[in-house]
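Novice: Sending over a structure as structure tokens; questions will come in a sec.
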Amino acid sequence: MKIKKKKTSEEENCIFCKIVNKEIPCYKVWENKKYLAFLDMNPINPGHVLLIPKKHTNYIFDLKNVEYLRLMNNTKKIAKLLKEKLNCKRIGIAVEGFFVPHVHVHIVPLNQGNELNPERAKPMNKEDLKKIQEKITK
């Protein structure tokens, strides 16, 4: 019998854990058993995706090696999907994790230099997010 681990207060208050648990909706573009990719509500560029492990971990370098490698392999998979569906020139990635203490990779469509700047992020309306979600997932 598997004993369920009690959630920490950090996990209970984590917006990404709430998304994983379907307590908060998201614009999902990809998912498997251990990872979830969804559109950022404040994208740097349209199609900006966040890829997260479903298991809560605060800091990327606290992941076990196999978890880190799976995260990066899935990042590559999502990057290829975005490049194909959104016809951008490149895909940029960033990891910092200060605002949400849950490992996440920003996967951002790029068309020119200096676009991978978090200061460029701005809210996107739900209708536009839905259109991009449909474009990526169809």
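Novice: Return yes or no: is N111 of a type outside the set (A, V, I, L, M, F, W, C), surrounded by fewer than 16 Cβ atoms within 10 Å (Cβ to Cβ) and in contact with a Lys or Arg (Cβ under 9 Å, 6 or more places away or on another chain)?
Specialist: Numbers: of a type outside the set (A, V, I, L, M, F, W, C): yes; surrounded by fewer than 16 Cβ atoms within 10 Å (Cβ to Cβ): yes; in contact with a Lys or Arg (Cβ under 9 Å, 6 or more places away or on another chain): yes.
Spelling it out, N111 is indeed of a type outside the set (A, V, I, L, M, F, W, C), surrounded by fewer than 16 Cβ atoms within 10 Å (Cβ to Cβ) and in contact with a Lys or Arg (Cβ under 9 Å, 6 or more places away or on another chain).
Novice: Write out, first by first residue and then by second, each pair whose Cβ atoms fall under 6 Å of each other, whose residues are 6+ apart or on separate chains, and whose first residue, in region 120-138, is charged (D, E, K, R) while the second is surrounded by 11 or more Cβ atoms within 10 Å (Cβ to Cβ) and in a helix (DSSP H, G or I).
Specialist: Short answer, once both residue conditions are applied: K135/K85.
Novice: Does region 20-52 hold any residues that are farther than 27 Å from K122 by Cβ and under 14 Å from the mean Cα position of the chain (by Cα), and which are they?
Specialist: N32, K34
Novice: Given the criteria out of contact with any helix residue (DSSP H, G or I) (no Cβ under 8 Å at 6 or more places or on another chain), β-branched (V, I, T) and either in contact (Cβ under 8 Å) with a residue 12 or more places away in the chain or surrounded by 11 or more Cβ atoms within 10 Å (Cβ to Cβ) (or both), does I78 qualify?
Specialist: yes
Novice: Tell me the residue from E23, E11, E96 that is among the acidic types (D, E), under 25 Å from L129 (Cα atoms) and either surrounded by 13 or more Cβ atoms within 10 Å (Cβ to Cβ) or in contact with a His (Cβ under 9 Å, 6 or more places away or on another chain) (or both), please.
Specialist: Of E23, E11, E96, the one residue that is among the acidic types (D, E), under 25 Å from L129 (Cα atoms) and either surrounded by 13 or more Cβ atoms within 10 Å (Cβ to Cβ) or in contact with a His (Cβ under 9 Å, 6 or more places away or on another chain) (or both) is E96.
Novice: Can you name the residue in region 36-75 that is of a type in the set (S, T, N, Q) and within 21 Å of K138 (Cβ to Cβ) and is also surrounded by the fewest Cβ atoms within 10 Å (Cβ to Cβ) among such residues?
Specialist: N45
Novice: Further, regarding this structure: Does N114 count as more than 16 Å from the chain's Cα centre (by Cα) and at positive phi?
Specialist: Criteria met by N114.
Novice: Let me ask another. Could you look through region 80-138, keep only residues that are among the hydrophobic types (A, V, I, L, M, F, W, C) and in contact with a Ser or Thr (Cβ under 8 Å, 6 or more places away or on another chain), and pick out the one that is nearest to I15 (Cα to Cα)?
Specialist: Quick first cut of region 80-138, residues among the hydrophobic types (A, V, I, L, M, F, W, C) only: 81-82, 86, 88, 91, 93-95, 98-100, 103, 105, 107-108, 110, 116, 121, 124, 129, 132, 136.
Narrowing the set further to residues that are in contact with a Ser or Thr (Cβ under 8 Å, 6 or more places away or on another chain) leaves 93, 103, 105, 107.
Working: I93: 21, V103: 12, V105: 15, I107: 18 Å.
Ranking the candidates gives V103 first.
All of the numbers you see were taken from the coordinates with simple rules; none came from a lab. Here the structure is a predicted model, which means the values were calculated and not measured. Note that we place each Cβ from the backbone using ideal geometry, even for glycine, and neighbour counts take in every protein chain shown.
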